[in-house]
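Following: one structure in C-alpha cells, then a few remarks.
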Amino acid sequence: GNIGRPMASHLLSAGHRLVVHDARRAAAADLLAAGAIWADSPAVLAAQSEGVATCLPGPVEMESVCLGPGGLLEGLQQGALYLDHTTNSPLLVRRVQGALAAMGVDMLDAPVSGGMEGARTGDLLVMVGGERAVFERARPLFDTVARRVLYAGGIGSGSIAKVMHNCASFTLDLVMAECWTVAVKAGM
C-alpha cells in the first residue's frame, strides 16, 4: 500500500530479507524488483518469516489477514514477532494478541503517523503498545522505518495513542476552519 510499501522498502534497503504479500501482486512490483520474495498468502508469508509487519486500511482488513482463511494465524511459528501498523481497534488488537500469545507469538500494535510522504522519507511517528521487552526486541525495525518511536504502554495502547492523535489533528482542522470563517465574516 501507500504507507506499507515505502516502509518495506526501507527494511529491504537496510539489508533485511523480505517476503511480501498484497491483495494485488502489482502493488509489490517495485519490492520484488529490488529483491523481495513473493508469498501467495499471509499464511505462506508467515511460515517463511521470523517477523511479520502489516499496514492495512483498517480493522476489518487486519482481522481478515490475521484470523481469516489463509491468514497469519495459520503460518506464524512459536517465537515469531508480529507488528501491526494499522490504525486499529484496541479491542481487536487485544483479541488477536491473545490468540497469538497462546501460540507463543509476540505482538505489538504500532500504528504510524506521517502519511505517504513520511513513509517515503522515513519521517514517521510509530506509537507502540505491547510488552516492553517485545518493544525492545522490535526497536531496531522501528528505527529503520521511522524517525520517532513512542512506547505507549500495554497492548492496545499504540492504537489508543493513534486514535487520540487523529482526534487532536481533526479537532485542530475544525478549529482552524471556524477561525477562518469568523475572520471572513469580520471583513478579512
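The values are calculated or read from the model by the stated rules, or taken from the named source; none is laboratory data. All figures in this text were calculated on a predicted structure; none of them were measured in a lab. No Cβ is skipped: glycine too gets one built from the backbone with ideal geometry, and neighbour counts run over all protein chains shown. Just the protein is used for accessible areas: all its heavy atoms, side chains included, with ligands, DNA and RNA removed. Shrake-Rupley method; radii C 1.70, N 1.55, O 1.52, S 1.80 Å.
Of the residues that make up the range 163-177, is at least one closer than 28 Å to residue 74 by Cα and either without any contact (Cβ under 8 Å) to a residue 60 or more places away in the chain or in contact with a strand residue (DSSP E or B) (Cβ under 7 Å, 6 or more places away or on another chain) (or both)? Looking for residues that are closer than 28 Å to residue 74 by Cα and either without any contact (Cβ under 8 Å) to a residue 60 or more places away in the chain or in contact with a strand residue (DSSP E or B) (Cβ under 7 Å, 6 or more places away or on another chain) (or both), one finds none in the range 163-177, hence no.
Looking at 35, 1, just one residue is modelled with pLDDT of 95 or more and open to solvent by 30 Å² or more (accessible area, probe 1.4 Å), and that residue is 35.
Residue 120 - would you say it is open to solvent by 50 Å² or more (accessible area, probe 1.4 Å) and either within 25 Å of residue 170 (Cβ to Cβ) or among the acidic types (Asp, Glu) (or both)?
Yes, satisfied.
Among residues of the range 144-163 being in contact with a helix residue (DSSP H, G or I) (Cβ under 6 Å, 6 or more places away or on another chain) and open to solvent by less than 50 Å² (accessible area, probe 1.4 Å), the one that is nearest to residue 87 (Cα to Cα) is 159. When residue 70 is tested against (1) more than 18 Å from residue 143 (Cβ to Cβ); (2) in contact with a strand residue (DSSP E or B) (Cβ under 6 Å, 6 or more places away or on another chain); (3) surrounded by fewer than 21 Cβ atoms within 10 Å (Cβ to Cβ), only condition (2) is not met.
Matching residues to (1) open to solvent by 70 Å² or more (accessible area, probe 1.4 Å); (2) farther than 24 Å from residue 150 by Cα; (3) modelled with pLDDT of 95 or more:
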{"position": "11", "(1), (2), (3)": "no, no, yes"}
{"position": "17", "(1), (2), (3)": "yes, yes, yes"}
{"position": "29", "(1), (2), (3)": "no, yes, yes"}
{"position": "53", "(1), (2), (3)": "no, no, yes"}
{"position": "65", "(1), (2), (3)": "no, yes, yes"}
{"position": "85", "(1), (2), (3)": "no, no, yes"}
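None of 141, 91 is hydrophobic (A, V, I, L, M, F, W, C), closer than 17 Å to residue 3 by Cα, open to solvent by 40 Å² or more (accessible area, probe 1.4 Å) and touching a residue at least 60 places away in the same chain (Cβ under 8 Å) except 141.
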